[in-house]
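These notes concern the structure reproduced below.
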Amino acid sequence: MAFIELKNVSYKYPYTKDFALHDLSCSFEKGKFYGIIGENGGGKTTLCNLIRGLIPHFYLGKLTGECLIEGKDIREWDTAELSSKIGYVFQNPFTQISGIKSTVFEEVAIGLENLGVPKDEMIERVIDVCNQLDIGHLIKNNPNELSGGQRQRVAFASIIAMDTDTLVIDEPTSQLDPEGTENVFKIINTLKHSNKTIILVEHKIDLIAEFCDEILVMENGTVAFSGPAHEVLTKRELLEHKASIPEVARFGLAMEDAGKPLERVPVTLDEAYKLIKERGR
Ligand SMILES: Nc1ncnc2c1ncn2[C@@H]1O[C@H](COP(=O)(O)OP(=O)(O)O)[C@@H](O)[C@H]1O
Ligand SMILES: [Mg+2]
C-alpha cells in the first residue's frame, strides 16, 4: 500500500472561482524521493498543503475525492499527530518563522519542544542541524533580523530537527545563491539516504534530475506526467509544455532528431559524458 494516496481530488480555496486542484490522482511510497515540477500556479503548493493536512484543517474551501495518509483520510487525521510524521518546509520562509522566539536556537528547537524531547538531546540535535545548514554561527541571533536566505535555512533546520519520516519541502532554495542551493541539496540527499520519504517542489531542473527517483509534473491543478525521473525528464511531450527538462536531455533529443542518437537520452551531465565517451570507443 502506498503511504500517501490521492484519488480524484479536487479543491477550491474559499472565495475563489477556479479549482486549485482538479481531479488529481497520485501516490507516494515510503523511502522514495519525489520531485514536483511545473508551471507557476499549477497547484504544487496546494498539493503540499493537502498532504500536510493544512487543507482541509486550516484552509477551508471545497475538497472532494480521497486523500489517504497511511490509509486514513486526511479529514480524520489530527493535525498535531500528522505534524510528528510529516515535516513541512514552507515556500515562504517568512511564514514559517514563528516570530515569537528571540534566538535562532529557540526557533530551531520549537518543534522539538512541542514534541517534549529531553533538554540535552534537544540541544545536541539543534546544534548539529544548525551546523549542517551552516547557520551554527547565528544561533544567538534574532530570527527576525536575518536575510531571506538565512531565514530559509532556519526554517529548514527547524523541520529537519524534528526528524520526521516524511518531509514535504516547497522550493527550499528560492532565496539561496548557487552555493547555498548546492548545500541544501546535499542535505536533502543525506536525508534521502537515511530512508526518509521526500517530496520536493523545485524549479532547478538539473538538481531534480540528479537527486529524484520519481517526478510529477503539475499543470492546471492536476498531474500531467509522472513516473521514474529518467523517463519523465526525457519525454518529448514535455518540450511543448511549460515545464522544463534538463539541457542535456534536450541535447539528447536533438541528437536523435539528427539521426545520431546516443544509447539513451541523458538527464545529467555525468550521464551525458559517459554516453559520449562510450560512443567514442
Ligand atoms: N491561499 C490561497 N487562496 C486562494 N487561492 C489560492 C491560494 N493559494 C493558491 N491559490 C490559487 O491556487 C492555484 C494554485 O496555486 P499554487 O498551489 O500556489 O501553485 P504553485 O505552487 O504550483 O505555483 C493558483 O490559481 C493560485 O492563485
Ligand atoms: Mg508554490
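FYI, it's all coordinate maths here, none of it is from the lab. Note that the structure is a prediction, hence the values are computed from the model and not measured. As a convention, Cβ positions derive from the backbone with ideal geometry for all residues, glycine included, and neighbour counts pool all protein chains shown.
Please give the per residue volume of the convex hull enclosing the alpha carbon atoms of the chain, rounded to a whole number of Å³. If you can, show how the numbers build up before the last one.
Values: hull volume 40.4 nm³, N = 281.
Expressed per residue, the convex hull around the Cα atoms of the chain is 144 Å³.
Is the shape of segment 130-281 rounded, prolate or oblate, going by the alpha carbon gyration tensor and its root eigenvalues a ≥ b ≥ c, with a/c under 1.5 for rounded and a/b larger than b/c for prolate?
On the way: a/c = 2.41, a/b = 1.99, b/c = 1.21.
Prolate.
List the pairs from LYS30/LYS101; LYS12/LYS119; LYS44/LYS85; LYS44/LYS192 whose alpha-carbon separation is above 31 Å, in the order I gave them. Show your work: numbers first, answer last.
Working: LYS30/LYS101 34 Å; LYS12/LYS119 42 Å; LYS44/LYS85 20 Å; LYS44/LYS192 21 Å.
Pairs exceeding the cut-off: LYS30/LYS101; LYS12/LYS119.
What is the packing order of peptides 33-41, 128-136, taking the mean over residues of other C-beta atoms within 10 Å and listing the highest first? Mind dumping the intermediate values first?
On the way: 33-41: 20.7, 128-136: 18.9.
By packing density, highest mean first, the sequence is 33-41, 128-136.
If the cut-off is a Cα-Cα distance under 19 Å, which aspartates and glutamates reach LYS277, setting aside same-chain residues fewer than 8 apart in sequence?
Filter leaves GLU247, GLU256, GLU263.
For segment 79-220, what number results from the quotient of the Cα radius of gyration and 2.2 N^0.38 Å? List each step's numbers first, then the result.
Numbers: Rg = 14.6 Å, N = 142, 2.2 N^0.38 = 14.5 Å.
Here the answer is 1.01, to two decimals.
Angle between the Cα long axis of helix 178-193 and the longest principal axis of the chain, 0 to 90 degrees, nearest 10?
80
Return the long-range amide H neighbours of ILE215 (sequence gap of 5 or more, or a different chain), with a cut-off of under 5 Å between placed amide H atoms.
Those qualifying (amide H under 5 Å, at least 5 residues apart or on another chain) are GLY35, GLY227, ALA229.
Can you tell which of ALA157, SER194, ALA272 lies farthest toward the positive end of the dipole of segment 129-281, using +1 and -1 charges on the Cβ of basic and acidic side chains (Lys, Arg; Asp, Glu)?
ALA272
Rounded to the nearest 500, what is the chain's calculated 222 nm mean residue ellipticity when only DSSP H runs of at least 4 contribute -39500 (n - 2.57) each, over all residues?
Numbers: 12 runs with 111 residues, N = 281.
Helix-only estimate at 222 nm: -11500 deg cm²/dmol.
Sticking to Cα atoms, compute the Rg of segment 1-159 to one decimal and its Dmax as the biggest Cα-Cα distance, whole number, in Å.
17.4, 51
At most 15 other Cβ atoms within 10 Å and a DSSP loop assignment: could you name the trypsin sites (Lys or Arg not before Pro) in segment 35-75 that fit? Let's see the in-between values first.
Details: sites: LYS44, ARG52, LYS62, LYS72, ARG75; in loops: ARG52.
The qualifying sites: there are none.
With an 8 Å cut-off on Cα pairs and a minimum separation of 6 or more residues, tell me the relative contact order of the chain in percent.
Numbers: 504 pairs, mean separation 64.1, N = 281.
Dividing the mean separation by the residue count of the chain yields 23 percent.
For segment 137-216, calculate the relative contact order in percent as a whole number, restricting contacts to Cα pairs under 8 Å that are 6 or more residues apart. Mind showing how you got there, number by number?
Details: 47 pairs, mean separation 25.3, N = 80.
Relative contact order for segment 137-216 comes out at 32 percent.
Packing-wise, with mean Cβ within 10 Å as the measure, how do 261-267, 177-183 rank, highest first? Before the final figure, lay out each step's value.
Details: 261-267: 18.7, 177-183: 13.4.
Final packing ranking: 261-267, 177-183.
Report ³J(HN,Hα) in whole Hz for each residue of segment 67-74, in order, from the Karplus equation J = 6.51 cos²θ - 1.76 cosθ + 1.60 where θ = phi - 60°; Gly and Pro get x.
After applying 6.51 cos²θ - 1.76 cosθ + 1.60, I find 10, 10, 10, 6, x, 9, 5, 4 Hz.
Please work out the Cα center distance from segment 63-102 to segment 161-231, rounded to the nearest Å.
Centre-to-centre distance over Cα atoms comes out at 18 Å.
Straight-line reach from LYS72: which aspartates and glutamates have a Cα under 20 Å away, not including same-chain ones fewer than 8 places off?
Partners within reach: GLU5, ASP23, GLU29, GLU81, ASP165.
Please determine, in degrees from 0 to 90 and to the nearest 10, the orientation of helix 119-132 with respect to the longest principal axis defined by the Cα atoms of the chain, where the helix direction is its Cα long axis.
Helix 119-132 sits roughly 30 degrees off the main axis of the chain.
Could you tally the net charge around ASP170, taking each other residue with its Cβ under 12 Å from the Cβ of ASP170, Lys/Arg +1 and Asp/Glu -1?
Numbers: positive: LYS44, ARG52; negative: GLU171, GLU202.
Every neighbour counted, the sum reads 0.
Which listed residue (TYR15, PHE33, LEU238) has the Cα farthest towards the positive end of the charge dipole for the chain, taking +1 on Lys and Arg C-beta and -1 on Asp and Glu C-beta about the Cα centre?
Working it through, the farthest residue towards the positive pole turns out to be LEU238.
Let me spell out the model: positive unit charges on the Cβ of Lys and Arg, negative unit charges on the Cβ of Asp and Glu, origin at the Cα centre of the chain. What dipole size does that give, in debye rounded to 20?
Numbers: 31 positive and 43 negative charges, 65 e Å.
Computed charge dipole of the chain: roughly 320 debye.
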